[in-house]
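Here is the structure we will look at.
The values are calculated or read from the model by the stated rules, or taken from the named source; none is laboratory data. No experiment lies behind these values; they were computed from the predicted model shown. Using ideal geometry, Cβ is built from the backbone for each residue, glycine included, and neighbour counts are taken over all protein chains shown. What goes into the accessible areas is simple: the full protein's heavy atoms, side chains included, and nothing from ligands, DNA or RNA. Shrake-Rupley method; radii C 1.70, N 1.55, O 1.52, S 1.80 Å.
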Amino acid sequence: MILFLDGSFTQTCDSGRCLESIKECVQKEEIISLTIKEQMEWNQVYRYLEDAGAIVLAADVHMNSVSACVLSFLEQIEDAVIGGESIGGKFYAVLYTELYEGEQTSIAMEILKNFCIHANIMWGRGLGIGGNGMKPTVHRRNLWQWFRKDTSDFREKPLQEQAFFIKEKMQGTDQYINPQKFSRKKYMRKINHDSKKNSLKKIAKSL
């Protein structure tokens, strides 16, 4: 069984896409999905943790860390393990950030690794995705490509690879990816545009 933990706290985290990638890869294996929140059914959570062959956390990163709610959840698990509970499943993480560089999730990834050490859970593999929320641009070079609807996304392949590691319960090297088909200049332009738009909305509401 695979336990999927949805730790998103803003729209940055595309946990739905991550879950779909895992479902497509594992197919017949049972997947239990839980949303991390302040109030949890802890007896049920502990049972799932004991039965899981893989534990997958999908969360977004802000200010170099996952949300306080996720950290509190992990502390509760750590306390339970110290209290005698055992967790045999490998731990996998998919972390998202709006910042262009996937490496910006590396500090949060180390926090999760540190949790695994204290909770005596084996680390499987981490995937840090930068530039999340950006829409892929398409460079069409001929007429056929112009008419063809391209639904490619720079996150798809890394997510599929991560899903394979989860399916096989393998350990691997952490990966950090940046948006493809995007220049940093374009990305910064988009961020500046969105910031100005949000500022104008705030000014309009205050009038």
Degrees between helix 106-118 axis and first principal axis of the chain (Cα, 0 to 90, nearest 10): 10 degrees
Filter on K23/K196; K23/K197; K157/K201; K23/K90; K28/K157 - keep pairs with C-alpha separation over 28 Å: K23/K196; K23/K197; K157/K201
Degrees separating the helix 156-168 axis from the principal Cα axis of the chain, which is the longest one: 10 degrees
Among [x] 12.7; [y] 14.4; [z] 10.9, the entry derived from the coordinates for mean projected area of the Cα convex hull in nm²: [y]
Accessible area (Å², 1.4 Å probe, nearest 10) - M40: 30 Å²
Of all accessible heavy-atom area on region 29-68, the percent that carbon and sulfur account for (1.4 Å): 42 percent
For peptides 100-108, 22-30, 69-77, 190-198, sequence by mean Cβ density within 10 Å, most packed first: 100-108, 69-77, 22-30, 190-198
Per principal axis, descending, Cα span of region 59-105 in whole Å: 41, 21, 11
Å² per residue, accessible surface of the chain at 1.4 Å: 59 Å²
Projected label distance in nm at W42 and E161, using a 7 Å step from Cα toward the beta-carbon: 3.9 nm
